Amino acid sequence: MSKGSVKVLSFWSSMFGLRVHYALDLKGVSYEYQEENLFNKSKELLEANPIYAKIPVLIHNGKPICESLIIVDYIDSVWPNPHKLLPEDPYKKAVARFWADFGDKKVFDAGSRLIRATTEEERKKASEDLKWALMKLDEALDTIAPGKPFFGGDSMNFADVALAPFICWFKGYQKVGGFVLPGSEELPNLHKWVNAVKSVEAIRKSTPSPDKVAEFAEVIRKRAIGSA
Amino acid sequence: MASSDQDVTLLSSWASPFSMRAKLALLLKGIEHEDLPQDLGNKSKILLESNPVHKKVPVLIHKGKPIAESAIIVHYIDEVWPGTSPLLPKDAFLRAEHRFWTDFIDKKLLDCLMRFMRGDAKNEEFIENCELLEGAFTKLGNEEEGPFFGGVRMSFLDVMLAPYAVWIPGIAGVMGLKPASQEQCPRLHNFFQAVLAHPAAKLALPTVEALKEFLVARSAVYRGK
C-alpha cells in the first residue's frame, strides 16, 4: 500500500483540505500531515505551490499536486483500490465530476459570500443561493442514486468526497451568516446523505468539530469586514 | 468511424471559448456529430432540459444523455473514444498538471481577460499570466517534438488553451489589449500560431475577424455597463 512517500500540507478547517484527507483515509493510505499557518506559510508550501501559495497540496515522492479535486483524482489513479472513487463508466464518471464541480461553483461560492457579506442584501442573496444549491443536491441524490445513501450508491464516490466537507461548516454558516439549514421535510435526501456521511469512520477521522469551525468562521468574518 | 448508434449532439455557441473546446475535441477525434448552435438570449427547450442546473453551453448529448462543463465534456470524449487522437496523458502526475493548468486558464487567464474588458485589470496582469503559461510550456512541453503540450499533436491542455488563439487577438483588436510578444513568450506565441494553422482548429474556432465583430457588437455587455 505504501507506493512511496505521501505528505499533505493543509489547514485543519479547510473544506478543500478535508477532501484530500477523506480520499486518503477512505483508501487507507498512510501519509504525513503538516498543518500550515496561513498567515506564515512554510517555505515548503511556497515552493510546492508557487502560483497560488494555497493549501491543500499533496506531495507524492517529492512531486507536488495542487487543487483539491485534482489531488483527489490523482489519489484515485495512483491508489485505485480499495475504495475506487471515480466510476468506471464514462457517463457516471462525468456525473460525479459535475457534482464535485457544482460543490465549488455553487455551494462553496455561496457559503464564502455568506460569511464575508457586508450588507444585509449580500447576506440574503448568499443565503438564498446556498439554499438553492442544497435543493439541487437533494434533487440530484434522488436522480442519480434513488433510495441509496450516497452519490456513489452504497459507498462514497468522488462527488461524495467533494461535497462531504461542507457538512462541518453548516454550523458556521448559521452562526456567522444566519443560514438555517432546511429540515428533512424539505431536503429528505440531503439529510439522509449527511447522516450517512457522518457514520463513515474514515470521514470522522479528520473532520473537525463544527463548533470549532463556527468559531473559526467568526474569525474569517471579522477579518473580511475589517478589510472591507 | 462513428457508427449509426453514436448519436452525438453538441449544443454550442460559436463565440464561446468553452464551446470551442468541445467542438475541437470532437473534430480531433473525427467523431460525427450534430451541431446545434444555441441562442443564449432565448434559451431553447433542449438546452434548458439538458443543462437545467447551469443553463449554459456547451452541452454534449450522447445517446440521449447530457454532459455539461467543457473540461468534463472533453474528459468524457477522450474516455469514450480513446483510440483516435488521445488527449489526456497516461501518467497520473502529468494528467494532474494538465488539469491544474486548465483550471489556471479558467480561474486566472479568462478571469483576467474579462476584468480587462471591464477596465478592472491592467495589461501587466495579463502579461504575467501569459508568462506563467510560458513556464508551463517549459515544464510540460518538449520544444523539439513540437509546438503543442502534446508535441506534434494536440493534447488535452492544448484543446483547453486553443480558443485563446482567437480570443486574445480579438480582444487586442477591439479593446486595446497588448498580447505578450514573441520575445516575452516564445513558446506561447508558437503555440497560438500552430493552433491557427491546425486543420481541426480552423473548423472549431471562429476567425479573429468574426470574433472582433462579435466583441464590438456586445461591447456594452463586456464592458459591464
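Summary of computed values
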item: Some residue of segment A:151-172 being under 24 Å from A:Pro210 (Cα atoms), surrounded by fewer than 21 Cβ atoms within 10 Å (Cβ to Cβ) and at pLDDT below 95; result: no
item: A:Pro87 vs. criteria surrounded by fewer than 20 Cβ atoms within 10 Å (Cβ to Cβ) and closer than 20 Å to B:Pro66 by Cβ; result: yes
item: Filtered residues of segment B:91-100 (kept if at the interface with chain A (Cβ under 10 Å from one of its Cβ atoms) and farther than 17 Å from A:Asp101 by Cβ); result: B:Asp91, B:Ala92, B:Phe93, B:Glu97
item: Lone qualifier among A:Glu88, A:Glu121 - being in a helix (DSSP H, G or I) and more than 9 Å from chain B (Cβ to nearest Cβ); result: A:Glu121
item: Which listed residue is modelled with pLDDT of 95 or more, surrounded by fewer than 21 Cβ atoms within 10 Å (Cβ to Cβ), of a type in the set (A, V, I, L, M) and outside the structural domain of B:Pro163 (by TED's automatic domain parsing), from B:Val53, B:Val59; result: B:Val53
item: Output for segment A:46-77, where each listed residue is facing chain B (nearest Cβ under 7 Å), aliphatic (A, V, I, L, M) and outside any helix (DSSP H, G or I); result: A:Ile51, A:Ile65
item: Residue satisfying condition, being in contact with a Phe, Trp or Tyr (Cβ under 6 Å, 6 or more places away or on another chain), surrounded by 21 or more Cβ atoms within 10 Å (Cβ to Cβ) and over 27 Å from B:Ile31 (Cα atoms), within set B:Ala96, B:Ala136; result: B:Ala136
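Here is a yes/no grid of residues against (1) away from chain A (no Cβ under 14 Å); (2) modelled with pLDDT of 95 or more; (3) within 26 Å of B:Gly30 (Cα to Cα):
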residue	(1), (2), (3)
B:Thr102	no, yes, yes
B:Leu109	no, yes, no
B:Ile127	yes, yes, no
B:Ser155	yes, yes, yes
B:Ala162	yes, yes, yes
B:Gly173	yes, yes, no
B:Cys185	yes, yes, no
B:Ala197	yes, yes, yes
B:Ala200	yes, yes, yes
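The values are calculated or read from the model by the stated rules, or taken from the named source; none is laboratory data. Fair warning: this is a prediction, and the values are worked out from it, not measured in the lab. Note that each Cβ is placed from the backbone with ideal geometry, even for glycine, and that neighbours are counted across all protein chains shown.
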